[in-house]
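Trainee: Take this structure first; my questions come after.
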Amino acid sequence: MNALAATSRNFKQAAKLLGLDSKLEKSLLIPFREIKVECTIPKDDGTLASYVGFRVQHDNARGPMKGGIRYHHEVDPDEVNALAQLMTWKTAVANIPYGGAKGGIGCSPGDLSISELERLTRVFTQKIHDLIGIHTDVPAPDMGTNAQTMAWILDEYSKFHGYSPAVVTGKPVDLGGSLGRDAATGRGVLFATEALLAEHGKGIAGQRFVIQGFGNVGSWAAQLITEAGGKVIAISDVTGAVKNSNGIDIAKLMKHSAENRGIKGFDGGDAVDPASLLTEECDVLIPAALGGVINKDNADAIKAKYIIEAANHPTDPEADEILAKKGVLILPDILANSGGVTVSYFEWVHNIQGFMWDEEKVNRELKTYMTRAFRDTKEMCRSHHCDLRMGAFTLGVNRVARATVLRGWEA
């Protein structure tokens, strides 16, 4: 099931549980604005190349729209649409004053030089600068983009609108980025996992973890879980997978991965087939890579008791049903991975106030937000007799629907 179908299905189920008016339901699903622009740049060899850029702005009832920009050869309008919608519910679950957006450029960033990427980013910004803004739509990094990409957008945007650090988040710290932003999604995953385990009288210490994905989120989650006393027994990335029942030395793996551009060949454990990683014996499974990895074909073989969705929509709705029957608890993506957008919100607040927090305060506030979001979600689970995914969706959809109605949507 593709991302858009899965997200829309979850939304419709939540709308039904909440008893939303059908006209309001339809209005909430349709994006506020979809932008498609042509970006032509001179390549380093003097030839011209054209790329297509997208920005889907889904909803702004609760505040400026917020969401990442990805550079990937398969930037599919359907997926961008689904992710924009997911951001609307995610910001509402985290209870931060934003709506949802998502964007991207269909290109292979690995095939472009730094100067080509800079030219492409600047042209894209020139095309959309009057449709984004501090109180309109605030982009952030995503797949294939980073703090440097945000610095270029900030610079290009500022040529038209004056110095505006709050127009993007996930910036370099020297340009007004927040301390702790780099680790935020992974740290949020830790806090959300702690909240879920505490509900069942357990802590991170002594639990066995399997993590799929060793990018920004996976590597930070692995580090922080290990520091908290958890045991990471298997990890995979695009190059391969490694397993060690006594726990992997994450610091050593980080070093190996940085030097060898991947975890393949790491000697601190046994190499295993990455495909079998999700079905390893463990307490907590954390998919932190791509969407749709847990599906009807492998769901039955999963042995974990808890699944923490650090990636966006890693679990298909069909797999959801199989896992629910087995009694596996799933902490949904719109709650589990909202640490990144929460610290993005702190960064935006810092920039508007012109006053920065220290890292300790950022992490403390993040814990408060993540724990509160979990508590609010559990409250919805109790009142609607549903699982955590529907608890989070009803929480998010209800907040957006209330804001929409209060603002007078029929006028």
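Trainee: Quick check: with the 1.4 Å probe, what order do R187, R55, R33, R407 take by accessible area, largest first?
Mentor: Descending order: R407, R33, R187, R55.
Trainee: Name the longest site-free stretch of the chain, where the excluded sites are GluC sites (Glu not before Pro) in a DSSP loop with no more than 14 other beta-carbon atoms within 10 Å.
Mentor: Details: sites that count: E74, E281, E410.
In short, 75-280.
Trainee: Further question on the same structure: Evaluate the stretch 210-321: find the radius of gyration of its Cα atoms, find its Kirkwood radius, and give the ratio Rg to Rh. Don't jump to the answer; show the numbers that get you there.
Mentor: Numbers: Rg = 13.1 Å, Rh = 13.8 Å.
Computed over Cα atoms, the ratio is 0.94.
Trainee: Which order do D376, D111 take when ranked by solvent-accessible area (1.4 Å probe, heavy atoms of all protein chains), largest first?
Mentor: In descending accessible area the options line up as D111, D376.
Trainee: Same structure again: Assuming a ≥ b ≥ c are the square roots of the Cα gyration tensor eigenvalues, decide whether the stretch 1-151 counts as rounded (a/c under 1.5), prolate (otherwise, with a/b larger than b/c) or oblate. Could the numbers behind the result be given before it?
Mentor: Working: a/c = 2.54, a/b = 2.05, b/c = 1.24.
In terms of gyration-tensor shape, prolate.
Trainee: Write down the percent of antiparallel bridges among all DSSP beta bridges whose residues are both part of the chain, to the nearest 5. Mind dumping the intermediate values first?
Mentor: Numbers: 24 of 50 bridges.
Roughly 50 percent of the DSSP beta bridges within the chain come out antiparallel.
Trainee: Roughly how many Å² of D45 are accessible to a 1.4 Å probe, to the nearest 10?
Mentor: 120
Trainee: Expressed as a rounded percentage, what relative contact order does the chain have, with Cα pairs under 8 Å and six or more residues apart? Walk me through the intermediate numbers first.
Mentor: On the way: 841 pairs, mean separation 68.9, N = 411.
Once divided by the residue count of the chain, the mean separation gives 17 percent.
Trainee: Turning to a different aspect of this structure: Using only the Cα atoms of the stretch 164-254, what semi-axes does the equivalent ellipsoid have when each is the square root of 5 times a gyration tensor eigenvalue? Give whole Å, largest first. Please report the intermediate quantities before stating the final value.
Mentor: On the way: eigenvalues 148, 63, 19 Å².
Sorted largest first and rounded, they come to 27, 18, 10 Å.
Trainee: So, one more: Report the accessible area of V93, computed with a 1.4 Å probe over the heavy atoms of all protein chains in place, in Å² rounded to the nearest 10.
Mentor: Here the residue's solvent-accessible area equals roughly 0 Å².
Trainee: Here's something else I'd like to know. Could you grab the relative contact order for the stretch 103-247? Cα pairs under 8 Å, six or more apart, rounded to a whole percent. Show your work: numbers first, answer last.
Mentor: Values: 168 pairs, mean separation 21.0, N = 145.
Over the stretch 103-247, the number comes to 14 percent.
Trainee: Just tell me, in residue order, which DSSP H segments of the chain are both 24 angstrom or longer along the helix axis (alpha-carbon based) and at least 0.0 in mean Kyte-Doolittle hydropathy. Don't skip to the end; give the middle numbers.
Mentor: Values: long enough: 77-94 (25 Å, 0.18); 359-384 (37 Å, -1.51); 388-406 (27 Å, 0.78).
Helices meeting the criterion: 77-94, 388-406.
Trainee: Taking a cut-off of 18 Å between Cα atoms, list the lysines near K171, but don't count ones fewer than 8 places away on the same chain.
Mentor: Within reach: K66, K102, K159.
Trainee: Continuing with this model, one more query. Per residue, how large is the accessible surface of the stretch 30-166? Use a 1.4 angstrom probe and give square angstrom. All intermediate terms of the calculation are to be shown ahead of the outcome.
Mentor: Details: 5110 Å² over 137 residues.
With all protein chains present, the stretch 30-166 gives 37 Å² per residue.
Trainee: Just read off the accessible area of F355 with the full protein assembly in place, 1.4 Å probe, to the nearest 10 Å².
Mentor: Surface accessible to solvent at F355 totals approximately 120 Å².
Trainee: Then there is this: Among (i) 1.20; (ii) 0.96; (iii) 1.10, which one is Rg/Rh (Cα atoms, Kirkwood Rh) computed from these coordinates?
Mentor: From the options (i) 1.20; (ii) 0.96; (iii) 1.10, the structure gives (ii).
Trainee: Something else about it: DSSP beta bridges in the stretch 30-166, what fraction antiparallel, as a percent rounded to 5? Each step should come with its number before you reach the end.
Mentor: On the way: 17 of 28 bridges.
Of the beta bridges lying entirely in the stretch 30-166, close to 60 percent run antiparallel.
Trainee: Evaluate the distance, in nm, between pseudo-label points positioned 7 Å from the Cα of A198 and of D76 along their respective Cα→Cβ axes.
Mentor: 3.9
The values are calculated or read from the model by the stated rules, or taken from the named source; none is laboratory data. Keep in mind it's a predicted model, so treat the numbers as computed, not measured. Backbone-built Cβ (ideal geometry, glycine too); neighbour counts: all protein chains shown. When the accessible area is computed, the model is the full protein with side chains, heavy atoms only, and any ligands, DNA or RNA have been set aside. Shrake-Rupley method; radii C 1.70, N 1.55, O 1.52, S 1.80 Å.
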